[in-house]
Amino acid sequence: MSKIDFNNSNMLPPGSLGLPFLGESINFLAQNDFFQKRQNKYGNIFKTHLLGKPTVVMTGIEANRFILSSHSDHFSWREGWPENFKELFGNSLFLQEGQEHKKNRKLLTPAFCGSSLLNYIEPMENIIQNYCQEWINKGKFLWLNELRQMTFDIASVLLLGSQSGQMTQNLSKEFTKFSQGLFTLPWNIPLTPYNRAIKARDNLLKHIEQVVLERQENPQNDALGLLIQSEDPQGNRLSLDEIKAQSLLMLFSGHETTTSMLTSFCLALGQHPSILQKARQEQYSLNIGERLTIEQLRNMPYLDTVFKEVERLYPPVIGGFRGIVKSFSFGGYWIPSGWQLLYLNKGAHRDPQIYTNVDQFDPDRFNLTRAENCDYALVGFGGGARICLGMAFAQMEMKIFASYLLRYYQWEILPNQDLGLKPIPTLHPRSGLKINFSAL
Ligand code: HEM
């Protein structure tokens with residue numbers, strides 16, 4: 001691996017700041033290969049101007065380590081988000097830093113890892129089974145849309161205390177309006193998408209408040225129930241307003257990302273029959289009865305490698321934005337505070353020093369013999385203190401889904417569709433993945 005020179009330099013990275021005011025934002029939004037083109041031209045660090053701010057883009061294992069871990073105090077998570085996010089999400093983990101972030105992350109963690117995950121297996125299984133049954137009746141459909149509904153159902157049942165069915169459908173409509181407000185002009189005047197998003201947010205928060213009040217009378221072990229009960233050794237608890245804001249954030253951060261990764265999983269296995277067959281064999285060898293157990297879920301090493309390979313080649317998000325709060329030098333370049341940073345996971349995920357045949361879908365690269373990996377080479381869930389809070393939750397949900405799919409169903413990717421990948425809002429095939437679904 002080439003050694004990075006961290007010595008001070010007054011030289012800004014290569015690249016272009018584009019047009020006055022607009023910078024390169026239009027190209028960024030319009031071109032799928034915006035970053036690839038610049039990386040080919042300038043290398044693993046370059047400057048540009050995105051969404052109103054001068055921006056440095058960095059990629060590669062050393063950049064990941066620098067940003068996510070060793071120099072994370074140079075970066076502000078909060079300042080990496082556009083203004084819309086700040087208003088719509090209120091005081092939730094996304095906008096918290098330092099001690100406040102640390103304290104709240106500790107309070108949120110018990111609902112998303114360890115033994116609490118056991119409580120989620122059965123509700124996840126029930127929802128997944130119902131969707132698979134519906135898909136049998138439908139036969140041909142766009143899988144991306146269906147998977148989006150399924151992951152929303154799971155998240156709203158476990159995180160918002162909803163009931164699968166009509167209630168979830170109503171919440172889903174509100175959630176769509178809410179999400180549309182995140183990527184629009186922040187004009188809060190009647191009939192604008194932003195105004196509708198604020199109203200939808202208030203309706204979602206009202207729903208969560210009602211459920212929290214019910215849960216306080218009648219405690220339950222879903223994620224929302226655990227957030228209400230959570231207490232740290234100093235006796236700190238989340239207030240009602242904090243629980244509402246954090247639950248809404250979880251719903252948002254877990255929904256599109258999991259949908260994207262599941263869609264890519266289905267696409268990749270549909271295109272690689274021998275890998276599909278090997279994954280099926282592993283499921284059959286586990287002699288799974290009517291219900292999955294946590295031991296069985298933990299004992300699927302081949303499926304684990306398949307998901308790692310999906311994370312490497314099809315990461316749902318391209319990386320992450322940060323605000324730069326302290327100037328720094330990296331790779332012989334100097335980057336001033338006040339700029340914005342974007343780290344891209346692609347440089348590490350396709351680093352030929354770590355991964356052989358980088359463009360090939362090859363789960364075995366992660367098995368114990370080949371073990372092609374090192375710290376910060378696989379960052380589809382981020383890394384360091386701000387690594388994805390819902391990683392174990394998402395991984396369990398995806399494995400339960402995969403296990404059912406592999407044991408009982410088959411799918412054929414229909415011809416004449418555009419399977420080219422679009423990165424925004426999360427990676428997905430342009431066509432939405434048209435398939436024909438049937439029982440095995
Ligand atoms: C396949 C599914 C998922 C992927 C690929 C994913 C990816 C990520 C990534 C890359 C980050 C860090 C971004 C950065 O460094 O800028 C992140 C953070 C986060 N994710 Fe996920 N995520 C997934 C599912 C979930 C789920 C299911 C939840 C909640 C139930 C969740 C909650 C969060 C939260 C709260 C953070 C911020 C953590 C903090 O600020 O401390 N994610 N996720």
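A compact table of results
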item	result
Hits in the stretch 64-115 - residues which are open to solvent by less than 50 Å² (accessible area, probe 1.4 Å), touching a residue at least 60 places away in the same chain (Cβ under 8 Å) and assigned to a loop (DSSP other than H, G, I, E, B)	Trp77, Gly90, Ser92
Extreme residue, most open to solvent (accessible area, probe 1.4 Å), among residues of the stretch 404-426 that are under 21 Å from the mean Cα position of the chain (by Cα) and within 20 Å of Ile154 (Cβ to Cβ)	Pro425
Test: residue in the stretch 307-315 that is closer than 16 Å to Ile67 by Cβ, modelled with pLDDT of 95 or more and within 16 Å of the ligand (Cβ to nearest atom)	yes
Residue in the stretch 365-375 that is at pLDDT 95 or above, polar (S, T, N, Q), part of a loop (DSSP other than H, G, I, E, B) and more than 7 Å from the ligand (Cβ to nearest atom) present	yes
Helices (runs of 4 or more DSSP H) fully within the stretch 198-310 counting 3 or more residues that are touching a strand residue (DSSP E or B) at 6+ places or on another chain (Cβ under 9 Å) and under 21 Å from Ala402 (Cα atoms)	240-271
Yes/no for Pro352 being open to solvent by less than 20 Å² (accessible area, probe 1.4 Å) and either modelled with pLDDT of 95 or more or within 12 Å of the ligand (Cβ to nearest atom) (or both)	no
Test for Ile318: is it within 11 Å of the ligand (Cβ to nearest atom), open to solvent by 50 Å² or more (accessible area, probe 1.4 Å) and at pLDDT 95 or above	no
Set Gly52, Gly60, Gly18, Gly23: member being open to solvent by less than 30 Å² (accessible area, probe 1.4 Å) and either of a type in the set (Lys, Arg) or touching a Ser or Thr at 6+ places or on another chain (Cβ under 8 Å) (or both)	Gly23
Lone qualifier among Glu242, Glu231, Glu217 - being more than 14 Å from the ligand (Cβ to nearest atom) and either modelled with pLDDT of 90 or more or within 21 Å of the chain's Cα centre (by Cα) (or both)	Glu231
The one condition in (1) under 30 Å from Arg430 (Cα atoms); (2) within 13 Å of the ligand (Cβ to nearest atom) that Phe75 fails to fulfil	(1)
Every pair of residues 6+ apart whose Cβ atoms lie under 6 Å, when the first sits in the stretch 288-303 and is within 13 Å of Gln395 (Cβ to Cβ) while the second is open to solvent by 30 Å² or more (accessible area, probe 1.4 Å)	Ile294/Leu118
Tabulated pairs, the stretch 311-327, first over 16 Å from Met391 (Cα atoms) and in a helix (DSSP H, G or I), second more than 7 Å from the ligand (Cβ to nearest atom) and open to solvent by less than 20 Å² (accessible area, probe 1.4 Å), C-beta under 9 angstrom, 6+ apart or interchain	Leu313/Ser264; Leu313/Ala268; Leu313/His349; Leu313/Phe361
Matching residues, the stretch 351-367, being in contact (Cβ under 8 Å) with a residue 12 or more places away in the chain and not acidic (Asp, Glu)	Gln353, Ile354, Tyr355, Thr356, Phe361, Pro363, Arg365, Phe366, Asn367
Failed item in (1) within 16 Å of the ligand (Cβ to nearest atom); (2) under 23 Å from Trp411 (Cα atoms); (3) surrounded by fewer than 22 Cβ atoms within 10 Å (Cβ to Cβ); (4) not hydroxyl-bearing (Ser, Thr, Tyr), with Lys278 passing the rest	(1)
Residue pairs meeting the criteria (Cβ under 9 Å; at least 6 apart or on separate chains; first farther than 21 Å from Glu397 by Cα, in the stretch 133-153; second open to solvent by less than 60 Å² (accessible area, probe 1.4 Å) and part of a helix (DSSP H, G or I))	Lys138/Glu146; Phe141/Trp135
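The values are calculated or read from the model by the stated rules, or taken from the named source; none is laboratory data. Everything quoted here is computed from the prediction, not taken from an experiment. Glycine gets a Cβ as well: all are built from the backbone with ideal geometry, and neighbour counts include every protein chain shown. SASA here: full protein model, heavy atoms, side chains in, ligands and nucleic acids out. Shrake-Rupley method; radii C 1.70, N 1.55, O 1.52, S 1.80 Å.
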